[in-house]
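Written out below as structure tokens is the structure these notes cover.
The values are calculated or read from the model by the stated rules, or taken from the named source; none is laboratory data. What you see is a predicted model; the values in this text were computed from it and never measured. Cβ: placed from backbone, ideal geometry, glycine included. Neighbour counts: every protein chain shown. With ligands, DNA and RNA removed, areas are computed over all heavy atoms of the protein, side chains included. Shrake-Rupley method; radii C 1.70, N 1.55, O 1.52, S 1.80 Å.
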Amino acid sequence: MHAVVTVVGKDKTGIIAKVSTFLAERGVNILDISQTIMDEYFAMIMLVDLSGSSKPLSVLADECAEMGKGIGMSIHVQHEEIFNAMHTV
């Protein structure tokens, strides 16, 4: 199963490292990643494969959101199909 992970917040050193390490420790594989810095804000979107994770999507999403708070970022995880449906006109 694939999911989309979004990370947004004020830019600081180590965001990509912290988020990717956190996901890897949970068996999540990053398939594609895009990030940008707009003025002082960091924005990243990742397509991830959850097939190696033993955690349900809802638990992973809660853990990512909590970890994001700890580093001052907003992190959201959504099933790929829900993300696509929300962004289809």
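Select from the range 14-42 the residues that are of a type in the set (S, T, N, Q) and modelled with pLDDT under 95 and list them in ascending order. Passing the criteria: none in range.
Whenever a residue of the range 1-20 is charged (D, E, K, R), its partners that are part of a loop (DSSP other than H, G, I, E, B), lying with C-beta atoms within less than 9 angstrom and at least six residues away or across chains, give the pairs 10/40; 10/72; 11/39; 11/40; 12/71; 12/72; 18/71.
Within the range 37-49, the presence of a residue that is open to solvent by 80 Å² or more (accessible area, probe 1.4 Å) and closer than 16 Å to residue 4 by Cβ is excluded. Each residue in the range 1-36 was checked for being open to solvent by 30 Å² or more (accessible area, probe 1.4 Å), more than 14 Å from residue 74 (Cα to Cα) and of a type in the set (Val, Ile, Thr), and 5 of them qualify. For the range 23-62, name all the residues that are in contact with a Lys or Arg (Cβ under 7 Å, 6 or more places away or on another chain) and either at positive phi or not in a strand (DSSP E or B) (or both). 26, 40, 53, 55, 60 - these are the residues of the range 23-62 that are in contact with a Lys or Arg (Cβ under 7 Å, 6 or more places away or on another chain) and either at positive phi or not in a strand (DSSP E or B) (or both). In the range 73-89, the residue that is modelled with the lowest pLDDT out of those that are outside any helix (DSSP H, G or I) and surrounded by 11 or more Cβ atoms within 10 Å (Cβ to Cβ) is 79.
Summed over the range 1-22, residues that are of a type outside the set (Ser, Thr, Tyr) and in a loop (DSSP other than H, G, I, E, B) total 4.
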